[in-house]
Amino acid sequence: VYSIILVLVIVGIMVWWVGKKKKEEWEGEVIKKKYSPGDYESSASYTIIFKTDKGKKKRFTTADSKYYDQWNEGDRAEKKKGEFFPSKIQ
């Protein structure tokens with residue numbers, strides 16, 4: 001019984017977190033990119049750090065190297081409501 005409650009709490013927290021991320025809207029620019037090669041226990045990860053026009057920092061970590069490679073420091077980004085990751089502004 002306790003394990004079922006624990007699973008429901010974890011799933012509830014994950015649903016809340018994803019919903020919160022999808023509701024965000026902002027514009028900003030890439031201020032830093034980080035690559036972590038991982039080790040024998042973890043896979044590689046790619047982190048892009050954005051600074052919004054309001055001065056907040058937003059961090060996105062992905063395992064997708066193609067998404068990571070399309071960004072350069074100084075690129076402008078827009079995070080639209082309903083999307084999980086920001087897109088590049090030309």
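Need the full-extension length gain, K33 to E73, defined as separation in residues times 0.36 nm minus the C-alpha distance. One decimal, nm.
Between K33 and E73, full extension yields an extra 13.7 nm.
Peptide packing for 4-11, 48-55 was compared via the average number of neighbouring C-beta atoms within 10 Å per residue; ordered from the highest value, the list is 48-55, 4-11.
Under a 1.4 Å probe, what is the accessible area of the chain per residue, stated in Å²?
On the way: 6810 Å² over 90 residues.
For the chain, the solvent-accessible area averages 76 Å² per residue.
In this Cβ point-charge picture (+1 for Lys and Arg, -1 for Asp and Glu), region 32-90 has a dipole of about 500 debye about its Cα centre.
For the chain, the Stokes-Einstein estimate of translational diffusion at 37 °C and a viscosity of 0.692 mPa s comes to 222 µm²/s, using the Kirkwood hydrodynamic radius over alpha-carbon pairs. Accessible area of region 1-53 with a 1.4 Å probe: how many percent of it is carbon plus sulfur? The computed percentage sits at 64.
Annotation note: GluC sites (Glu not before Pro) in the chain located in DSSP loop regions with a Cβ neighbour count of at most 14 within 10 Å are E25, E41, E73, E83.
Can you tell me the orientation of helix 2-23 relative to the chain, as the angle in degrees between its alpha-carbon axis and the longest Cα principal axis, to the nearest 10? Here the helix axis deviates by roughly 20 degrees.
The values are calculated or read from the model by the stated rules, or taken from the named source; none is laboratory data. All values derive from a computational prediction rather than experimental measurement. A quick note on method: Cβ atoms are made from the backbone with ideal geometry, for glycine too, and the neighbour counts reach across all protein chains shown. These area figures cover heavy atoms from the full protein model, side chains too; ligands, DNA and RNA do not enter into them. Shrake-Rupley method; radii C 1.70, N 1.55, O 1.52, S 1.80 Å.
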